[in-house]
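Notes for the one structure printed next.
FYI, it's all coordinate maths here, none of it is from the lab. Bear in mind that the values here come from a model prediction, so they are computed numbers and not experimental data. Glycine also receives a Cβ, built like all others from the backbone with ideal geometry; neighbour counts cover every protein chain displayed.
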Amino acid sequence: MARKRILLVDDAKTSIMMEQMILSRGTYDFLTAKDGLEAVETAIRERPDLILMDIMMPKMDGLEACRQLKERDETKQIPIIMVTTRGEAESVEKGFKSGCCDYVAKPINSNELLSKVRKHLGELEQYGKGSSDEQRRSG
Amino acid sequence: MNKDAADRDTYVQRVREGTRQYIQELLTENEKLRLFVATIEGEKVRLEEQVGLLREELDSHQYQAAQLQDQLAHIEEENQRFSEKYVEVEQHNANLANLYVASYRLHSTLNRQEVLDTIQEIIINLIGSEELGIFELQPGHTSLELVSSFGIEPERYRHIALGSGLIGKVAQSGETYLEESSNGSGNVPTVDEDHLTSCIPLKVDGRVTGAIAIFRLLQQKNGLQEVDYELFHLLATHAATALYCSRVLVGVNL
């Protein structure tokens, strides 16, 4: 089975590295982008299976990048999870309005991130009963 | 007369014969019943033995069931313990990953601006605060200068005299300041230090070279956690060394 590809978008290298470390528990390949513009270009070119998107970034923020990707036929089906320091309800709502399918607040909880990534990659159903323990642990 | 006597005798004979046959039939029937009773009693004994065996079996099963219940409870308890241990190990792994990433990033460059950016990234993304200031001790060791900041007004913190306010005291004493454990310490924050959550002295070879001030934590962050203290400890030495090395390199390149 082909390895799933995840596009990690963040202007902070520390954040990208942390996400890679957490997700290295699964078997994924990673693509990276340091701003919204690069994220849109990479997503169109590479068609990743999932995108983890920061909001506050130079050139183009994550909300705009998310909106643009959801408007394009070739990228609109890619699930986008916002990963950001903005955890307040207002920001979460803005994120969902832009078209993201989930939200993870920083500092990242590794179990939460892994669980949401697996959920949106459809891996929890695939693992079936075997993964239910992990889900429970992740809350 | 003789005929009457003869009839009577015949009648008596018939009655006797009838009675004898009846008694014989009763005896036969009695014998059959006795055999039947004996069979039933035998069956009863056999059934009682079977009941006894079944009772023993039942006791044994009940004992086994109780044992299995105990084992199940024990396994469930163990499972719960392993589950908790798993979560603990996962947390520990996550903490180690945080520390690894922070340490790796701090020492991955000698570019001063990148080091400062990395310190900011660690505080924003791993600790969870978007209000921070990075200070360096000035030559002469009488004041701190703000060399990088995020989310605060830089002008308010540009220069801090050594020993002045919480940040100045941290740089003077070399002791980390934590808001949650500062009650009764006698340290008085200045107006600008109102929301100071923590202040970490930067040290190279035990000598203070600066300080990192962390103000308000992110809204979703419920106080400092164990890994944050580890990160403070790491920043105190590794950030200081990284900054020092980058400054030395700037000097060498000049």
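Descriptive notes on the structure:
- Hits in the range A:4-29 - residues which are part of a strand (DSSP E or B) and of a type in the set (D, E, K, R): A:K4, A:R5, A:D29
- The residues of the range B:92-123 that are within 27 Å of the chain's Cα centre (by Cα) and either facing chain A (nearest Cβ under 10 Å) or of a type in the set (A, V, I, L, M) (or both), listed by number, are B:N93, B:A94, B:N95, B:L96, B:A97, B:N98, B:L99, B:Y100, B:V101, B:A102, B:I122, B:I123.
- Some residue of the range B:152-167 being surrounded by fewer than 20 Cβ atoms within 10 Å (Cβ to Cβ) and under 38 Å from the mean Cα position of the chain (by Cα): yes
- Qualifying residue in the range A:41-57 (condition: over 17 Å from A:R5 (Cβ atoms) and more than 13 Å from the chain's Cα centre (by Cα)): yes
- Output for the range A:100-116, where each listed residue is of a type in the set (S, T, Y) and either in a loop (DSSP other than H, G, I, E, B) or facing chain B (nearest Cβ under 10 Å) (or both): A:S110
Here is a yes/no grid of residues against (1) surrounded by fewer than 18 Cβ atoms within 10 Å (Cβ to Cβ); (2) of a type in the set (D, E, K, R); (3) within 14 Å of another protein chain (Cβ to nearest Cβ); (4) over 28 Å from B:V115 (Cβ atoms):
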| site | (1), (2), (3), (4) |
| --- | --- |
| A:R5 | yes, yes, no, yes |
| A:V9 | no, no, yes, no |
| A:S24 | yes, no, yes, no |
| A:T27 | yes, no, no, yes |
| A:D35 | no, yes, no, no |
| A:R45 | yes, yes, no, yes |
| A:I78 | no, no, no, yes |
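- Count of residues meeting criterion [free of Cβ contacts under 8 Å to residues at least 40 places away in the same chain and within 17 Å of B:I123 (Cβ to Cβ)] in the range B:154-165: 1
- Among residues that are in a helix (DSSP H, G or I) and within 30 Å of the chain's Cα centre (by Cα), B:Q71 is included.
- Applying the condition of being assigned to a loop (DSSP other than H, G, I, E, B) and closer than 16 Å to A:A65 by Cβ to the range A:80-99 and asking which residue is nearest to the other protein chains (Cβ to nearest Cβ) yields A:R86.
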